[in-house]
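Peer 1: First the structure, then my questions, so here it is.
The values are calculated or read from the model by the stated rules, or taken from the named source; none is laboratory data. Remember, it's a predicted structure, so these values are computed and weren't measured experimentally. Counting neighbours? That spans all protein chains shown, and the Cβs are built from the backbone with ideal geometry, glycine included.
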Amino acid sequence: MQIPFYRVKLEEEDIQKVEEVLRSGWIGQGPQVEQFEKEFAEYVGASEAVALSSCTAGLFLALRALGIGPGDEVITSPLTFAATANVIENTGAKPVFVDVDPVTCNIDPVSVKAAVTPRTKAIIPVHLYGRPCEMDRIMEIASKHNLMVIEDAAHALGAAYKGKPIGSIGHVTSFSFYATKNLTTAEGGMLTTDDPDLANKIRILRLHGISRDAWKRYTHSSPVHYQVVMPGFKFNMTDIQAALGRNQLKRFHEIQTRRRRLWNMYRERLKNINGIRLPLEEEKGIVHAYHLFAVLIEHERITRDEIMNQLAEMGVSTSVHFHALHLQPYYREKYGYKPGDFPHAEHISTRTLSLPFFPSMSEDELEYVCECLKKILT
Ligand SMILES: *Cc1c(COP(=O)(O)O)cnc(C)c1O
């Protein structure tokens, strides 16, 4: 059997909706994007949503719009995708990594608090694998030190913390619709916030810094001129993507129900195997987004990488989320990070293994992955 790490499975209706846009005479940013923003904001309980070309663009524009740049520090987790720290670096600010909690794998509020300096401007918590961070404690630190909280929710669409959906808690939240994420527009992202001025600024920044309000000053009878009010970017979404996203949002509950079922099936099949630590069971007050099924390989005889190779030989593709960022050459060389700086993140980084996990995975496929793992480990 060949099991891919991820297989995109769109419904016939998703394809139809895209086709309608393709035939409509308007394929750029238009009415579909506007509708998608409205429906998404409502879904996560935020007052504003801004559709973008990626989650990376969202994180970057949030920092930019908040005026974060040279001389500033932004605290984040080293156990994340490159984008989370790269965007901080690209504003000219300094990414400050802090260690994660060894159980939740998420940024540790105690370490966040200890890393705050007079230069700190923001915190970017990452809801790793779809498990929400300790948002109460993070928001408390932020409010005490007047910091902005920009959530990297690339894994967290569908997650909730103490009754509040992710997307309605921090000052800004950035979601990803990359091909393998819980909802996909092939490439795409969405930023949510309750601050209308900030949302407006980001809407201007996403499209060349052209003010839409300026358009309104012209009547229908006069020519439409625009005004460049800031040096913006080209980070907008198209109606083709939005149509795809809207149709998945409509059945998102169904998608998540399937993910949850497969997740619990994995947990059930893999329990009581020596040397493998499973993700936490369902926790009170937490709704997991079930984005990745990542296990920790804590075996005395065999390493994570050896298991990955053996699984690959058996036809099972796996992945690693993530290799600790502070030990990547760029961050190491620029900031002098070294092994031992963040022991929990490093422990997880060398042992975490993401198993094939996607809604269209069949139960036979899941069984096969578990059988292979058992064969290797026992
Ligand atoms: C996928 C991902 C991103 C980037 O999302 P894009 O939409 O591809 O820009 C950022 N952070 C994390 C944790 C991710 O997994």
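Peer 1: Applying the selection to the range 288-346, what residues are among the hydrophobic types (A, V, I, L, M, F, W, C), away from the ligand (no atom under 16 Å from the Cβ) and surrounded by 15 or more Cβ atoms within 10 Å (Cβ to Cβ)?
Peer 2: Start the filter on the range 288-346 by keeping residues that are among the hydrophobic types (A, V, I, L, M, F, W, C), which leaves 289, 292-297, 302, 307-308, 311-312, 314, 316, 320, 322, 324-325, 327, 342, 345.
Those still in the list that are away from the ligand (no atom under 16 Å from the Cβ) too: 295-297, 302, 307-308, 311-312, 314, 316, 327, 342.
Scanning the range 288-346 gives Val295, Leu296, Ile297, Ile307, Met308, Leu311, Met314, Val316, Leu327, Phe342.
Peer 1: Out of Ala289, Ala312, Ala243, I need the residue that is in contact with a helix residue (DSSP H, G or I) (Cβ under 6 Å, 6 or more places away or on another chain), among the hydrophobic types (A, V, I, L, M, F, W, C) and over 30 Å from Ser24 (Cβ atoms). Which one?
Peer 2: None of the others qualify; the one that does is Ala289.
Peer 1: Just give me the residues in the range 186-205 being within 16 Å of the ligand (Cβ to nearest atom) and either under 14 Å from the mean Cα position of the chain (by Cα) or assigned to a strand (DSSP E or B) (or both), in sequence order.
Peer 2: Within the range 186-205, Glu187, Gly188, Gly189, Met190, Leu191, Thr192 qualify.
Peer 1: Also, I was wondering about something else. Looking only at the range 83-97, decide whether some residue is in contact with a His (Cβ under 7 Å, 6 or more places away or on another chain) and under 20 Å from Ile348 (Cα atoms).
Peer 2: Checking the range 83-97: at least one residue is in contact with a His (Cβ under 7 Å, 6 or more places away or on another chain) and under 20 Å from Ile348 (Cα atoms).
Okay, residues lined up against (1) hydroxyl-bearing (Ser, Thr, Tyr); (2) within 30 Å of Arg23 (Cα to Cα):
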{"site": "Tyr226", "(1), (2)": "yes, yes"}
{"site": "Lys250", "(1), (2)": "no, yes"}
{"site": "Ile255", "(1), (2)": "no, yes"}
{"site": "Arg258", "(1), (2)": "no, no"}
{"site": "Arg267", "(1), (2)": "no, no"}
{"site": "Arg277", "(1), (2)": "no, no"}
{"site": "Lys284", "(1), (2)": "no, no"}
{"site": "Ile297", "(1), (2)": "no, no"}
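Peer 1: Quick one: which helices (runs of 4 or more DSSP H) sit completely within the range 1-106 and have at least 1 residues that are of a type in the set (S, T, N, Q) and either within 16 Å of the ligand (Cβ to nearest atom) or within 30 Å of Tyr368 (Cα to Cα) (or both)?
Peer 2: Filter on the range 1-106 gives 55-65, 82-91.
Peer 1: Continuing with this model, one more query. Restricted to the range 113-158, and to residues that are farther than 25 Å from Pro279 by Cα and assigned to a loop (DSSP other than H, G, I, E, B), which residue is farthest from the ligand (Cβ to nearest atom)?
Peer 2: By that ranking, first place goes to Pro118.
Peer 1: Taking the stated definitions as given, is Ala82 at pLDDT 95 or above and under 13 Å from Ile150 (Cβ atoms)?
Peer 2: It is false that Ala82 is at pLDDT 95 or above and under 13 Å from Ile150 (Cβ atoms).
Peer 1: Give the residues of the range 306-328 that are under 21 Å from Val100 (Cβ atoms) and assigned to a helix (DSSP H, G or I), sorted by residue number.
Peer 2: Leu325, His326, Leu327
Peer 1: Restricting attention to the range 242-281, and to residues there that are without any contact (Cβ under 8 Å) to a residue 12 or more places away in the chain and not in a helix (DSSP H, G or I), which single residue is surrounded by the most Cβ atoms within 10 Å (Cβ to Cβ)?
Peer 2: Applying the filter and picking the extreme gives Lys271.
Peer 1: Next question, about the same structure. Go through the range 159-174 and report how many residues are assigned to a loop (DSSP other than H, G, I, E, B), among the small types (Gly, Ala, Ser) and within 16 Å of the ligand (Cβ to nearest atom).
Peer 2: Count: 3.
Peer 1: Considering only the range 360-378, I want to know if a residue exists there that is assigned to a helix (DSSP H, G or I), surrounded by fewer than 20 Cβ atoms within 10 Å (Cβ to Cβ) and at pLDDT below 95.
Peer 2: yes
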